[in-house]
Amino acid sequence: MLGLSKKDTTFLLIVIFLTLATPILLQPFPEGSAMAQFNAGYPDLMQRFAIYGIFAIGFNILFGLTGYLSFGHAAFLGVGSYSVVWMYKLLSYNVLPGLVLAVITSALFALFIGYISLRRSGIYFSILTLAFAQMSFNLAYSVLTPLTNGETGLQVYTDDPQILMDAASPNSPHFFGILMIESTKVNIGGWQFTFNNGYYFCAIIAIIVFYLSLRIFRSPFGTMLRAIKTNQTRMNYTGLNPRPYTLAAFVISGMYAGLAGGLLASMDPLAGAERMQWTASGEVVLMTILGGAGTLMGPVLGAGFIKYFENIFSKINDNILHSWFSALPDGVEDAIVFMVHPFIGKGWSLTLGLLFMMVVIFLPGGLIEGGTRIWNAITGKNRKSNKPGKDGKHHPKPTAHVN
Amino acid sequence: MGILEVSNVNKRFGGLQALGDVNLDIAEGTVHAIIGPNGAGKSTLLNVLVGKLIPDTGTVMFNGQSVLGRKPYEINQMGISRVFQTPEIFGDLTVIENMLIPCFAKRDGAFRLHALKSIASEADIIDKAEHMLSDVDMIDKRGMTASSLSRGDKRRLEMAMCLVQEPKLLLLDEPTAGMARADTNNTIELLNQIHERRDITMVIIEHDMHVVFSLAKRITVLAQGSPLVEDTPENIKGHPKVKEAYLGEAAA
């Protein structure tokens, strides 16, 4: 179906089901229970899961397949956001023109940055992309203020032209009348499920772009990209020019990032330069590696993980901890809270950092590898065959020889 | 008129004359070995042929077209394939994927954005790749990761990758370097088979006299960057100049 093998079709259907059922799946605890704070099924967070999932899927096409580590992808995120807000300002709150523009501008931008950066590989490539992204970030604050509105961030004002707006048009981002902020709340027993338009809009786009990435992974083009990662010498001597392949991968991943940035502005009609900062570029690298670079689902999983930590773990404070351990004697309770304290609340990044280190050391293939190992342990399959450990990285290098 | 003509090629690295007035005329359909002691300029010559090095003077014509100044992938697209001293394959990919890539390169050229086409739908390409794998007795290893193959199989795979492109000229850079005698003999057998069945012109750069005399129809001896003699293997064997150049190294 849809040009996919049977196995991939099943896989895609599972992904579609999981994506559409997210508002239910992420709400496992009843309202008002002590565990309710671990529920992640609220619109803002679910939107982030989908949007950063798209960002990571795109990044994975470049980094996961070709091995070129870009440290500047947040620049495209920013470009996408600005494009969408500009379309709000000039046309109307319909997100479609903005998203189309976001993809086009980020593609052009990626073509330019990629053309220059891809002249180098390895660390030099990473540094070049980082330099471009930081340049964009600083320009957005200074020279490009007329385009970006500097520190205030780009937003819609009442005196903006908005030429397609009439009295009946909605006053917040919408897709042909479907308002992004609107939600349907359903109460079943003690549970409350929120079905948000914005989330479903992002989710459907995420499914489409996931499907496209699946097609790319299974295409001759995808194989060429993996070949580049493995052995560029052989690539050259097989009559293939690696440069346009890497550039195409760079532009495609830039378009994904632009789309993600556009969606951020579609959920919340604001665009700020901080979206382009290098920390945002670093985040998508973490997402991809944490989940499993080069795997299909890994980056999405990584994105979900990081966003969950950022939003849920950071909410737990000492009072909540005290209430959990209140059954223990006072001294022990205080001691435990004291020990756990650095890892929660503001310390969420410490926990995430430790988790990241453990994944990189023990599961070089990311969370996906962890999942595969557990699955194989359950089903009793031999797991030696698909272990992307040290051997995966190894390939014969031409021995330097003097004649 | 040969398929590959090298005329008056000179290459200097600083003060060292790596190649001096090299003239070669390689006839179509032959197996031509280039031998010589260490430092004779064999590898430099090979690198000139594949576009990795540009000579200071001289011309290299392949099928009437100059190869100088062209990128390695352009030279491959002209019909020259190269086998490396250490097999260069796509280690992370499976054996069949390794075979598919040269097939696509042959059909689609140096770049094509076939991003939404499924590999599974390319029946004729898969067929061609599998056919070649059967030819080199590796079809049962099609699903293996290439890096986990034995050294002999890696060599076999690399040659299959070159051959599936139906090159007009196959360049081999010490194809048996570091191999055990049994593997060496297998490789010789494989190359002889290839030559008989496909009639491909081959240029072999080799140290091992056993390999050279088992394969070559013609031999050029290179010494200090210049061709010393060019003749048939029979005549080269007893040639005094060759003995002098090797000075006891001949048994290598």
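Only the coordinates and a few stated rules stand behind these numbers; no lab work does. It should be emphasised that the depicted structure is a prediction, and the values quoted were computed from it without experimental measurement. For neighbour counting, all protein chains shown are included, and Cβ atoms are generated from backbone atoms with ideal geometry for every residue, glycine included.
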Take the Cα atoms of chain B, find their three principal axes, and give me the spread along each one in whole Å, biggest first.
58, 39, 33
Percent of Cα-Cα pairs per 10 Å bin, from 0 to the last occupied bin, for the stretch B:91-166, please list those.
19, 55, 24, 2
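Count, for each residue of B:99-109, the Cβ atoms from other chains sitting within 10 Å of its Cβ, then give me the mean as a whole number. Please report the intermediate quantities before stating the final value.
On the way: counts 0, 4, 10, 5, 2, 8, 9, 2, 1, 4, 3.
For this peptide, the per-residue mean of nearby foreign Cβ atoms is 4.
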Test of understanding: ordering A:THR145, A:THR295, B:THR145 by Cβ neighbours within 10 Å, fewest first, what list do you get?
A:THR145, B:THR145, A:THR295
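Explain nothing, just the number: relative contact order of the stretch B:91-166, from Cα pairs under 8 Å at least 6 residues apart, as a whole percent.
On the way: 67 pairs, mean separation 40.1, N = 76.
Taking the mean separation of contacting Cα pairs over the length of the stretch B:91-166, I get 53 percent.
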Partner chain coverage, peptide B:119-127 - average Cβ within 10 angstrom:
2
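What ranking do B:MET209, A:MET357 get, fewest neighbouring Cβ atoms within 10 angstrom at the top?
Numbers: B:MET209 19, A:MET357 10.
Going from sparsest to densest Cβ surroundings: A:MET357, B:MET209.
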Per principal axis, descending, Cα span of the stretch A:133-252 in whole Å
63, 52, 29
Could you work out how far the C-alpha centroid of the stretch A:49-65 sits from that of the stretch B:146-225, in angstrom?
43
Mean separation of Cα pairs under 8 Å and 6+ residues apart, divided by the residue count of chain B: what relative contact order is that in percent?
28
In degrees, nearest ten, helix B:123-135 long axis to first principal axis of chain B (Cα)
50
Rounded to two decimals, the Rg over Rh value of the stretch A:249-389 from Cα coordinates and the Kirkwood Rh reads 1.07
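Divide by every residue of chain A the summed helix terms, -39500 (n - 2.57) for each DSSP H run of at least 4, and state the resulting mean residue ellipticity at 222 nm, rounded to the nearest 500 deg cm²/dmol. Could the numbers behind the result be given before it?
Working: 18 runs with 250 residues, N = 403.
After summing the helix terms and dividing by the residues of chain A, the value is -20000 deg cm²/dmol.
How big is the shadow of the Cα convex hull of the stretch B:135-187, averaged over all directions, in nm²?
On the way: hull surface 16.8 nm².
The orientation-averaged projected area of the Cα hull of the stretch B:135-187 comes to 4.2 nm².
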Hey, in the GNM for chain A with a 10 angstrom Cα cutoff, which one of A:ASN197, A:ASN241, A:ASN149 fluctuates hardest?
A:ASN241
Which one, A:LEU69, A:GLY32, A:TYR200, is farthest towards the positive end of the dipole of the protein assembly as shown when Lys and Arg carry +1 and Asp and Glu -1 on their Cβ?
A:LEU69
Express in whole angstrom the spacing between the alpha-carbon centres of the stretch A:71-97 and the stretch A:116-131.
25
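What is the local net charge at B:LEU116, summed over the other residues whose Cβ is closer than 11 Å to its Cβ (Lys, Arg +1; Asp, Glu -1)?
Details: positive: A:ARG215, A:ARG218, B:LYS117; negative: none.
In short, +3.
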Between B:ARG142 and A:LYS7, the two model label points (7 Å from Cα along the beta-carbon direction) sit apart by a distance in nm of 1.4
Here the stretch A:28-33 yields Karplus 3J(HN,Hα) values (6.51, -1.76, 1.60; θ = phi - 60°; whole Hz; Gly and Pro given as x) of x, 10, x, 4, x, 7
Could you work out which residue, out of A:LEU264, A:LEU118, A:LEU144, moves most in a Gaussian network model of chain A, that is, has the largest mean-square fluctuation with Cα springs under 10 Å?
A:LEU144
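Sorted by mean Cβ packing within 10 Å, highest first, what order do the peptides A:227-239, B:182-194 take?
Details: A:227-239: 23.6, B:182-194: 16.5.
Top to bottom by mean Cβ count within 10 Å: A:227-239, B:182-194.
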Principal axes of the stretch A:40-278: Cα extent on each, largest first, Å
63, 50, 29
With springs connecting C-alpha atoms under 10 Å apart, model chain A as a Gaussian network and identify which of A:ILE312, A:ILE188, A:ILE116 has the largest mean-square fluctuation.
A:ILE188
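Provide a whole-number value for the mean count of partner chain Cβ atoms within 10 Å of the Cβ atoms in peptide A:209-221.
Other-chain Cβ atoms within 10 Å of each residue's Cβ, averaged: 4.
Would you work out the Kirkwood radius for the stretch A:265-347? I mean one over the mean of 1/r across all pairs of different Cα atoms, in Å. Mind dumping the intermediate values first?
On the way: mean 1/r = 0.0649 Å⁻¹.
Computed over the stretch A:265-347, the radius equals 15.4 Å.
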List the pairs from A:LYS185/A:LYS315; B:LYS11/B:LYS217; B:LYS141/B:LYS237 whose alpha-carbon separation is above 30 Å, in the order I gave them.
B:LYS141/B:LYS237
Between A:ALA21 and B:SER7, how many nm apart are label points set 7 Å from Cα along the C-beta direction?
7.5
Using the Kirkwood formula over every pair of different C-alpha atoms, what hydrodynamic radius in Å results for the protein assembly as shown?
28.3
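With 10 angstrom as the radius, rank B:LYS237, B:LYS128, A:LYS185 by how many other C-beta atoms surround their C-beta, starting from the fewest. Provide the component values of the computation, followed by the final result.
Values: B:LYS237 14, B:LYS128 19, A:LYS185 9.
So the residues, fewest neighbours to most, are A:LYS185, B:LYS237, B:LYS128.
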Förster radius 35 Å - calculated FRET efficiency between A:ILE14 and B:GLU130, Cβ distance, rounded to 0.05
0.65
